[in-house]
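As structure tokens, the structure follows; a few thoughts come after it.
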């Protein structure tokens, strides 16, 4: 059965975690009248959303910050991360909000994540907005990756506006993109608590992710080691698929690494038209750290950073054993 927007079944498990994990706030609506740019019927089926809902004026209002869906509990997720190899102690959702988690009738749960929703406590110097150009790129890129069989976030819809925002390229118009994913937890979600020495929160996050996404590990004595190993294998498979497809992410910081092995945070990504192993699609990557041919090694580097963050939950030998699964999984796929 497909549902109206107001009947979506929210089950906001992340919002039940301690307040240290996120900041609660509502989206900031556009200063001009929003309009629907595109609606993805295939993605709508993931949350049992009736396709006719996109024709209602309320649809644009709900996904442009003008109104809140019944049952949603918007929040900005806290995380840290290694950016270009250097640890940044606090990042977080600076221009996006987790609206909530919707469970479909098959029992699957999907995050509704609103990109371009305005400033948050983690925005730093940013204006909290996304521009139409980059949202179109992410919409098309993520759906192309899905079509290619590569694990990725999905795009539900894209809402545009006439609100002007200033970027390096000049004045552009603001937009909001609704992303779907089973989870938006990142490697950096664990790093922030490890480096803050908040080990209770680190353990609570690990238990949460295992309960929600690795339930077969619940209650096992070595669940943290096995959890890390599964993340290692998922990441290796993702890197292998990227290399086989000619996809270059561009910004493989640990805060852009999905704990579920999904392609996450489409920024200056690109595809190889002609084979160029040294392709750098991010103009700020002057040293070529995230060049196409380096992605598998960076995947391993990022996993080592995650493993370090999980060391309070396992021995060093257990972490090394889990990390050793990377190369065989990469080669096998």
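The values are calculated or read from the model by the stated rules, or taken from the named source; none is laboratory data. Just so it is clear, the model here is predicted, and its values are computed rather than measured. Cβ placement follows ideal geometry from the backbone for every residue including glycine, while neighbour counts extend to all protein chains displayed.
Just one of 54, 66, 76 is assigned to a helix (DSSP H, G or I) and assigned by TED's automatic domain parsing to the domain that holds residue 161; which is it? Quick ask: steps written out before the conclusion?
Details: 66 fails: assigned to a helix (DSSP H, G or I); 76 fails: assigned to a helix (DSSP H, G or I).
Only one candidate passes the filter, namely 54.
Considering only residues of the stretch 1-38 that are assigned to a strand (DSSP E or B) and more than 20 Å from the chain's Cα centre (by Cα), which is nearest to residue 156 (Cα to Cα)?
Initially, the stretch 1-38 is screened for residues assigned to a strand (DSSP E or B), giving 3, 10, 22-24, 35-38.
Within this subset, residues satisfying the condition of being more than 20 Å from the chain's Cα centre (by Cα) are 3, 35-38.
Working: 3: 15, 35: 15, 36: 11, 37: 11, 38: 8 Å.
Only one residue fits best here, namely 38.
Could you list, in sequence order, the residues of the stretch 202-219 that are at pLDDT 95 or above and not in a helix (DSSP H, G or I)?
Of the residues in the stretch 202-219, the ones at pLDDT 95 or above are 202-218.
Across the stretch 202-219, the qualifying residues are 214, 218.
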task: Look at residue 24 and say whether it is loosely packed, with under 14 Cβ neighbours inside 10 Å, more than 26 Å from residue 151 (Cα to Cα), touching a strand residue (DSSP E or B) at 6+ places or on another chain (Cβ under 7 Å) and in contact (Cβ under 8 Å) with a residue 24 or more places away in the chain.
output: yes
message: I'd like the full set of residues that are in a loop (DSSP other than H, G, I, E, B) and either within 18 Å of residue 51 (Cα to Cα) or in contact with a strand residue (DSSP E or B) (Cβ under 9 Å, 6 or more places away or on another chain) (or both), limited to the stretch 147-171.
response: 148, 150, 151, 153, 169
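For the stretch 89-118, which residues satisfy the criterion of being over 22 Å from residue 209 (Cα atoms) and either over 18 Å from the mean Cα position of the chain (by Cα) or surrounded by 18 or more Cβ atoms within 10 Å (Cβ to Cβ) (or both)? Can you show your working first?
The initial filter retains those residues of the stretch 89-118 that are over 22 Å from residue 209 (Cα atoms), namely 94-95, 115-118.
Within the stretch 89-118, 95, 115, 116, 117, 118 meet the criteria.
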Residue 103 vs. criteria in contact (Cβ under 8 Å) with a residue 12 or more places away in the chain and closer than 14 Å to residue 13 by Cβ: yes
- line: The one condition residue 268 fails out of (1) crowded, with 20+ Cβ neighbours inside 10 Å; (2) at negative phi; (3) within 21 Å of the chain's Cα centre (by Cα); (4) part of a loop (DSSP other than H, G, I, E, B) is (1)
statement: Pairing a residue in the stretch 163-185 that is outside the structural domain of residue 256 (by TED's automatic domain parsing) and free of Cβ contacts under 8 Å to residues at least 40 places away in the same chain with any residue that is part of a strand (DSSP E or B) and surrounded by 23 or more Cβ atoms within 10 Å (Cβ to Cβ), where Cβ atoms lie under 7 Å and the two sit 6 or more apart in sequence or on different chains, gives 165/174
message: Based on this model, can you work out whether residue 255 counts as touching a strand residue (DSSP E or B) at 6+ places or on another chain (Cβ under 6 Å) and either under 19 Å from residue 96 (Cα atoms) or part of a loop (DSSP other than H, G, I, E, B) (or both)?
response: yes
field: Candidates 144, 174, filtered to the one that is more than 16 Å from the chain's Cα centre (by Cα), within 30 Å of residue 60 (Cα to Cα) and part of a helix (DSSP H, G or I)
entry: 144
task: For residue 218, work out the one condition from (1) closer than 22 Å to residue 323 by Cα; (2) in contact with a helix residue (DSSP H, G or I) (Cβ under 7 Å, 6 or more places away or on another chain); (3) surrounded by 20 or more Cβ atoms within 10 Å (Cβ to Cβ) it doesn't fulfil.
output: (3)
statement: Quick count over the stretch 137-162, residues being surrounded by fewer than 20 Cβ atoms within 10 Å (Cβ to Cβ) and over 30 Å from residue 333 (Cβ atoms), is 1
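For residue 145, state whether it is closer than 30 Å to residue 228 by Cα and assigned by TED's automatic domain parsing to the domain that holds residue 122.
Working: closer than 30 Å to residue 228 by Cα: yes; assigned by TED's automatic domain parsing to the domain that holds residue 122: yes.
Considered against the rule, which asks whether it is closer than 30 Å to residue 228 by Cα and assigned by TED's automatic domain parsing to the domain that holds residue 122, residue 145 comes out as yes.
Each row is one residue, and each column tells you yes or no for (1) part of a helix (DSSP H, G or I); (2) modelled with pLDDT of 95 or more; (3) touching a helix residue (DSSP H, G or I) at 6+ places or on another chain (Cβ under 8 Å); (4) in the same structural domain as residue 197 (by TED's automatic domain parsing).
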site: 241; (1), (2), (3), (4): yes, yes, no, yes
site: 251; (1), (2), (3), (4): no, yes, no, yes
site: 260; (1), (2), (3), (4): no, yes, yes, yes
site: 277; (1), (2), (3), (4): no, yes, yes, yes
site: 295; (1), (2), (3), (4): yes, yes, yes, yes
site: 299; (1), (2), (3), (4): yes, yes, yes, yes
site: 318; (1), (2), (3), (4): yes, yes, yes, yes
- request: Please work out if residue 223 is touching a helix residue (DSSP H, G or I) at 6+ places or on another chain (Cβ under 6 Å), buried (at least 17 other Cβ atoms within 10 Å of the Cβ) and free of Cβ contacts under 8 Å to residues at least 24 places away in the same chain.
  value: yes
